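S.K.: Below: one structure in structure tokens.
The values are calculated or read from the model by the stated rules, or taken from the named source; none is laboratory data. Note that the structure is predicted; figures quoted are calculated from it, not measured. Counting neighbours? That spans all protein chains shown, and the Cβs are built from the backbone with ideal geometry, glycine included. Remember, those area values only see protein heavy atoms, side chains included, never the ligands or the DNA or RNA. Shrake-Rupley method; radii C 1.70, N 1.55, O 1.52, S 1.80 Å.
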Amino acid sequence: MKTSGKKVEKARAAVEKRPYTLEEAVPLLQKVRFAKFDETVDLTMRLGVDPKHADQMVRGTVVLPHGLGKTKKVLVIASGEKMREAEAAGADFVGGDDMVEKIQKENWTDYDAVIATPDMMKSAGRLGKVLGPRGLMPNPKTGTVTADVAKAIRETKAGKVEFRVDKAGIVHCPIGKIQFDGLKLAENAHALIGAVLKAKPAAAKGKYVKKITLTSTMGPGISIDLVEAETHAAAA
């Protein structure tokens, strides 16, 4: 544990107490890494909103240009022709009421995303207790309740991620793996920042983005330059 502690302190010491551009922060995070596994890289954004008010909720999805480094297993709850469309589009699991019953009875969650057609939401709506806490409940706002199941499957497998502000006003989202090409990680980060900026609620007053931090599973937090990040997003 002492050795690990020394590595943590060494990594933190290598990060200056100043904001970095993403193009500076990503290679620095990769340089100071010490964990022996392929860590997840996360981007955290502290927003000037009060999520207790419905009109200040920030939520949405974004397709990361370079994905997350793993292929998502997708479950589709549909009926009739839409089941065949889902299978043809590459869904890992497809079913209707039988699938809803399986999830309810077995508490089955061996998948990374759930897509449902609108006509099946009466049945799928019963899965809130199982899927809700895991962030898997289909929702029209995130494009996971849709008649175009083929498009939803393609986007999910291509790297679509969901972001949502928590009770503390923070958006926390993975953008890839530490062993990714540095430029690709930076581009994923810029895509997420741009999506969060576009999701700014009309009711939000004052400064919208207060702080952006890049980190990895075991690594130090690196503060990101807000002006540069917002300028890049505006130009994209």
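S.K.: Take V62 and tell me if it is closer than 30 Å to A229 by Cβ and assigned to a strand (DSSP E or B).
M.R.: Numbers: closer than 30 Å to A229 by Cβ: yes; assigned to a strand (DSSP E or B): yes.
Here the answer is yes, as V62 does meet what is asked.
S.K.: Hey, does the range 140-147 have a residue that's within 30 Å of Q56 (Cβ to Cβ), of a type in the set (V, I, T) and touching a residue at least 60 places away in the same chain (Cβ under 8 Å)?
M.R.: Within the range 140-147 (the criterion being within 30 Å of Q56 (Cβ to Cβ), of a type in the set (V, I, T) and touching a residue at least 60 places away in the same chain (Cβ under 8 Å)), the answer is yes, since at least one residue qualifies.
S.K.: Anything in the range 219-236 that is of a type in the set (A, V, I, L, M, F, W, C), out of contact with any Gly (no Cβ under 7 Å at 6 or more places or on another chain) and surrounded by 18 or more Cβ atoms within 10 Å (Cβ to Cβ)? List them, or say none.
M.R.: If we filter the range 219-236 for residues that are of a type in the set (A, V, I, L, M, F, W, C), which is where we start, we get 222, 224, 226-227, 229, 233-236.
If we keep only those that are out of contact with any Gly (no Cβ under 7 Å at 6 or more places or on another chain) too, we end up with 222, 224, 226-227, 229, 234-235.
Across the range 219-236, the qualifying residues are I222, I224, A229.
S.K.: From the list V26, V41, which residue is in a strand (DSSP E or B) and either open to solvent by 20 Å² or more (accessible area, probe 1.4 Å) or touching a helix residue (DSSP H, G or I) at 6+ places or on another chain (Cβ under 9 Å) (or both)?
M.R.: V41
S.K.: Same structure, new question: For the condition open to solvent by 50 Å² or more (accessible area, probe 1.4 Å) and among the hydrophobic types (A, V, I, L, M, F, W, C), what is the one hit in A88, A113, A124, A78? Reasoning before the result, please.
M.R.: Values: A113 fails: open to solvent by 50 Å² or more (accessible area, probe 1.4 Å); A124 fails: open to solvent by 50 Å² or more (accessible area, probe 1.4 Å); A78 fails: open to solvent by 50 Å² or more (accessible area, probe 1.4 Å).
Among A88, A113, A124, A78, only A88 is open to solvent by 50 Å² or more (accessible area, probe 1.4 Å) and among the hydrophobic types (A, V, I, L, M, F, W, C).
S.K.: Does the range 72-81 contain any residue that is more than 22 Å from the chain's Cα centre (by Cα) and among the charged types (D, E, K, R)?
M.R.: Yes, the conditions are met somewhere in the range 72-81.
S.K.: Oh, and also: Residues of the range 45-58 being open to solvent by 30 Å² or more (accessible area, probe 1.4 Å) and in a strand (DSSP E or B), which ones?
M.R.: Hit for the range 45-58 is R46, nothing else.
S.K.: Just one of A191, A168 is small (G, A, S), out of contact with any Ser or Thr (no Cβ under 9 Å at 6 or more places or on another chain) and open to solvent by 50 Å² or more (accessible area, probe 1.4 Å); which is it?
M.R.: Values: A191 fails: open to solvent by 50 Å² or more (accessible area, probe 1.4 Å).
Exactly one residue qualifies, and that residue is A168.
S.K.: Same structure again: Tell me which residues, restricted to the range 95-110, are open to solvent by 70 Å² or more (accessible area, probe 1.4 Å) and either under 26 Å from the mean Cα position of the chain (by Cα) or closer than 22 Å to K141 by Cα (or both).
M.R.: Q104, N107, D110
S.K.: I would also like to ask the following. Would a scan of the range 9-19 turn up a residue that is more than 24 Å from N188 (Cα to Cα), touching a Phe, Trp or Tyr at 6+ places or on another chain (Cβ under 8 Å) and open to solvent by 60 Å² or more (accessible area, probe 1.4 Å)?
M.R.: Within the range 9-19, one or more residues are more than 24 Å from N188 (Cα to Cα), touching a Phe, Trp or Tyr at 6+ places or on another chain (Cβ under 8 Å) and open to solvent by 60 Å² or more (accessible area, probe 1.4 Å).
For (1) open to solvent by 10 Å² or more (accessible area, probe 1.4 Å); (2) under 18 Å from I224 (Cβ atoms); (3) more than 10 Å from the chain's Cα centre (by Cα), each residue gets a yes or a no:
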site: G159; (1), (2), (3): no, no, no
site: E162; (1), (2), (3): yes, no, no
site: G182; (1), (2), (3): yes, yes, yes
site: L185; (1), (2), (3): no, yes, yes
